[in-house]
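Worksheet: one structure, shown below.
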Amino acid sequence: MTKQSVVPLFRLFKLEITAVERENFVAVGTQNLTTSIQNEPGTLAMYTSHVDPAGLHNRVIEVYRDAASYEIHAHSPQFAAFQTVAKRAVTQQTVVNLTPKLLLEQSQPLYRNPANEAFIQLMALTVQPGQTAAYQAVVVPYLQAAMAAEPGLQVGAVGQVVDAPDQWVIFTVYQDLAAFKAHCQTAGFKQYQAAAQPLIQTADATVLTGDTLVNHGGLAFTAE
């Protein structure tokens, strides 16, 4: 794996779009992601997905090496093309800035389009007051061990919400549903659940349907 020393930019977007623009939005989004991952070494990972069957409630995860890498992407022609469609399609946007605590990928680059067979889970957690360090000490080694032992776990990302430190996000991508079910039977998962439960106030898991999932592969970042 490639260790990332600089703290990456890690963000979650929640995008509500109109039904009439769904096809255009997906097409230009795919072009944006696939071109960026090919041409921009500092664009480390981009994942687009949706919550509902109609695809109107979208979730996007982006990881950039640093702020300069994001600026390169933000001034790219493919992003400009995406913005043109997004201005028509997006009716509401929420950006969640995250402090990355753990960013892991399998060594092989991920390029899935369409990605509807992947099993994707977005977990939103509220940690008990004063327990953020304790929770980090539980979730980080758990996902590190799972990534090393389970090839079906393709992406594991943990972030702390910048302006609400008790709120955490865990984003995981599995090869398919079978890989996720196998993970849930592991001793590591059961140990994590037992250790994390007393530290968590609320937990909300959302299963996402993938649109396009791309990364360079091999990312390994762990917060100090």
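Annotations
- The range 1-30 - residue that is farther than 24 Å from THR99 by Cα and of a type in the set (Ser, Thr, Tyr) and, of those, most open to solvent (accessible area, probe 1.4 Å): THR18
- For the range 94-137, the tally of residues that are of a type in the set (D, E, K, R) and either loosely packed, with under 15 Cβ neighbours inside 10 Å or on the phi > 0 side of the Ramachandran plot (or both) stands at 1.
- Close contacts from the range 86-112, counting a first residue that is farther than 19 Å from ARG65 by Cβ and a second that is part of a helix (DSSP H, G or I) and open to solvent by less than 80 Å² (accessible area, probe 1.4 Å), with Cβ to Cβ under 6 Å and a gap of 6+ residues or different chains, come to ARG88/GLU21; ALA89/GLU21; ALA89/PHE25.
- Flag for ALA81 being surrounded by fewer than 19 Cβ atoms within 10 Å (Cβ to Cβ) and either among the aromatic types (Phe, Trp, Tyr) or free of Cβ contacts under 8 Å to residues at least 24 places away in the same chain (or both): no
- PRO151 being at pLDDT 95 or above, in a loop (DSSP other than H, G, I, E, B) and open to solvent by 40 Å² or more (accessible area, probe 1.4 Å): yes
- Evaluation of ALA196 against (1) in contact with an Asp or Glu (Cβ under 8 Å, 6 or more places away or on another chain); (2) open to solvent by less than 10 Å² (accessible area, probe 1.4 Å) (one fails), failing number: (1)
- Of all residues in the range 185-197 being free of Cβ contacts under 8 Å to residues at least 12 places away in the same chain and assigned to a helix (DSSP H, G or I), the one that is nearest to the chain's Cα centre (by Cα): GLN193
- Within the range 36-56, the set of residues being buried (at least 17 other Cβ atoms within 10 Å of the Cβ) and not hydrophobic (A, V, I, L, M, F, W, C) comprises SER36, GLU40, GLY42, THR43, TYR47, THR48, SER49, HIS50, GLY55.
- Per the listing ALA179, ALA86, ALA164, ALA145, the residue uniquely of a type in the set (A, V, I, L, M), out of contact with any Ser or Thr (no Cβ under 8 Å at 6 or more places or on another chain) and open to solvent by 50 Å² or more (accessible area, probe 1.4 Å) is ALA145.
The values are calculated or read from the model by the stated rules, or taken from the named source; none is laboratory data. These numbers come from a predicted model, not from an experiment. Neighbour counts are summed over all protein chains in view; Cβ atoms, including those assigned to glycine, are modelled from backbone coordinates with ideal geometry. Calculation scope for accessible area: heavy atoms of the full protein, side chains included, ligands and nucleic acids excluded. Shrake-Rupley method; radii C 1.70, N 1.55, O 1.52, S 1.80 Å.
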